[in-house]
Amino acid sequence: MSAPLVLAIETSCDETAVALVRGRELVTSEVASQTALHQPYGGVVPEVASRSHLTRIKPLMDRTFAKGGVAPGELDAVAATRGPGLLTALLVGVAAGKGLAIGLNRPFIGVNHLEGHLLSPFFDAASGPVRSLGLVVSGGHTLLVLLEKVGDYRLVGRTVDDAAGEAFDKVAKLIGLPYPGGPEIDRLARKGDPAKYRLPRSMPGETNFQFSFSGLKTAVRYLLPQLSGDFQADLAASFQEAVVDVLVRKTLAAARAHGCEVIGVSGGVSCNSRLRARLEEACAAAGRTLQLARPDLTTDNAAMIGFAAVQRLQQGLVDDLAVDADPSLRLTSNG
Ligand code: KG4
Ligand code: ZN
């Protein structure tokens, strides 16, 4: 099959997203963000998320077909994120995807959200996904994964407590910034001094690929009462530098340890301007090829789910309709 056309749905957390992907071409990608709905609570409320997905999914699918100039009958397959994520949120996308697949008599592909992130840096690469070391940094996950080939992933390291994005969000809340805090800290940090406050870098060691960010968050909490005046930008920059230092150092060390020439970086936190700049510097110095996810594909979207589904479809990896949502779906074969 050449350049299959897939409609993909993503509802694992607080974005309702639908996209059309034809081979490596992104036809159209629609995201209906729920950020404003959850903002008053300072985080995502699962019940609010699933109800909002329910009301938004059908109009968003209609809009995606209209914008893409595609009729449903032209699809080769329908895909939806089936995990990990919030169960009641995932169920909405999986049910909508299966319903469309049944109606059109086309295959259904259940995609792992983390596989969507992991493969997203290769969306624009002529080669498609290649053997590489993947850093997936988002609000829910911080993972180092050895990508051998599509469908063959090995866990190299992960966080033992908070995800990097979660640390950004929690520290932003402590400083008094709105949710989600990652982009706010990124903006504020540009005006701050990253060396102003000395914050801890956890889990040192050349062969330790685990992450821990809760100690850093606690260090910020203890430091805060001692600060006064206009400290926010310096604190944001110092915190961000501590996270970025650890992410860059461990990713480069893991690539070296596993003999990976290529490093792929994805997930919401990979949008961070300082992380992108430091990774570029470090990869250039170490002679490694850096594949960064396109900024518009870093936070949750359905285009990455469509791209992963195309890769799976091209390998004959389709699901039967018994495949279900799984809130703790694993990506890797070894944990
Ligand atoms: O990938 P994503 O949309 O959702 C998950 O799968 O978790 O990631 C969202 C996370 C949030 O924690 C958000 O604060 C963080 O990505 N984020 C950032 C930036 N943009 C989004 N963190 C740091 N700097 C950014 N520019
Ligand atoms: Zn995500």
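The values are calculated or read from the model by the stated rules, or taken from the named source; none is laboratory data. In this text, all values refer to a predicted model and were calculated from it rather than measured experimentally. Virtual Cβ from ideal backbone geometry, glycine too; neighbours counted across all protein chains shown. Protein only, heavy atoms only, side chains kept; ligands, DNA and RNA dropped before computing areas. Shrake-Rupley method; radii C 1.70, N 1.55, O 1.52, S 1.80 Å.
Summary table
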{"read-out": "Considering residues of segment 10-26 that are crowded, with 20+ Cβ neighbours inside 10 Å and more than 15 Å from ligand 1 (Cβ to nearest atom) only, the residue farthest from T88 (Cα to Cα)", "value": "L26"}
{"read-out": "Enumeration of residues in segment 290-306 that are closer than 18 Å to M61 by Cβ and either of a type in the set (D, E) or not in a loop (DSSP other than H, G, I, E, B) (or both)", "value": "D300, A303, M304, I305, G306"}
{"read-out": "Failed item, numbered, when A89 is tested on (1) under 30 Å from G335 (Cβ atoms); (2) of a type in the set (G, A, S); (3) without any contact (Cβ under 8 Å) to a residue 40 or more places away in the chain", "value": "(3)"}
{"read-out": "In segment 116-139, residue nearest to ligand 2 (Cβ to nearest atom) [restricted to those that are of a type in the set (G, A, S) and within 23 Å of D161 (Cα to Cα)]", "value": "S138"}
{"read-out": "Sole residue being within 23 Å of R276 (Cα to Cα), of a type in the set (S, T, N, Q) and within 16 Å of ligand 2 (Cβ to nearest atom), chosen from T81, T142", "value": "T142"}
{"read-out": "Single residue of segment 27-37 satisfying the filter (of a type in the set (A, V, I, L, M) and assigned to a strand (DSSP E or B)) that is nearest to ligand 1 (Cβ to nearest atom)", "value": "V31"}
{"read-out": "Test result for V92, within 16 Å of ligand 1 (Cβ to nearest atom) and modelled with pLDDT of 95 or more", "value": "no"}
{"read-out": "Top-ranked residue in segment 127-147 [being more than 12 Å from ligand 1 (Cβ to nearest atom), part of a loop (DSSP other than H, G, I, E, B) and touching a residue at least 60 places away in the same chain (Cβ under 8 Å); ranked as surrounded by the most Cβ atoms within 10 Å (Cβ to Cβ)]", "value": "P129"}
{"read-out": "Residue check, H113 open to solvent by less than 10 Å² (accessible area, probe 1.4 Å) and either in the same structural domain as I9 (by TED's automatic domain parsing) or over 30 Å from Y222 (Cβ atoms) (or both)", "value": "no"}
{"read-out": "Among (1) outside any loop (DSSP other than H, G, I, E, B); (2) open to solvent by 50 Å² or more (accessible area, probe 1.4 Å) - the single one L90 does not satisfy", "value": "(2)"}
{"read-out": "Set A167, A172: member being outside any strand (DSSP E or B), within 16 Å of ligand 2 (Cβ to nearest atom), open to solvent by less than 20 Å² (accessible area, probe 1.4 Å) and out of contact with any strand residue (DSSP E or B) (no Cβ under 7 Å at 6 or more places or on another chain)", "value": "A167"}
{"read-out": "In segment 98-123, the residues that are more than 16 Å from ligand 1 (Cβ to nearest atom) and outside any loop (DSSP other than H, G, I, E, B)", "value": "K98, G99, L100, A101, I102, G103, L104, F108, I109, G110, F122"}
{"read-out": "Enumeration of residues in segment 31-82 that are over 20 Å from the mean Cα position of the chain (by Cα), among the β-branched types (V, I, T) and open to solvent by 50 Å² or more (accessible area, probe 1.4 Å)", "value": "T55"}
{"read-out": "Subset of segment 276-300 [within 16 Å of ligand 2 (Cβ to nearest atom) and either aliphatic (A, V, I, L, M) or open to solvent by 30 Å² or more (accessible area, probe 1.4 Å) (or both)]", "value": "L292, A293, R294, P295, D296, L297, T299, D300"}
{"read-out": "Lone unmet requirement of (1) out of contact with any Cys (no Cβ under 9 Å at 6 or more places or on another chain); (2) more than 30 Å from G128 (Cβ to Cβ) for V44", "value": "(1)"}
{"read-out": "Leading residue by the ranking (farthest from ligand 1 (Cβ to nearest atom)) among those in segment 219-265 that are outside any helix (DSSP H, G or I) and within 19 Å of A293 (Cβ to Cβ)", "value": "E261"}
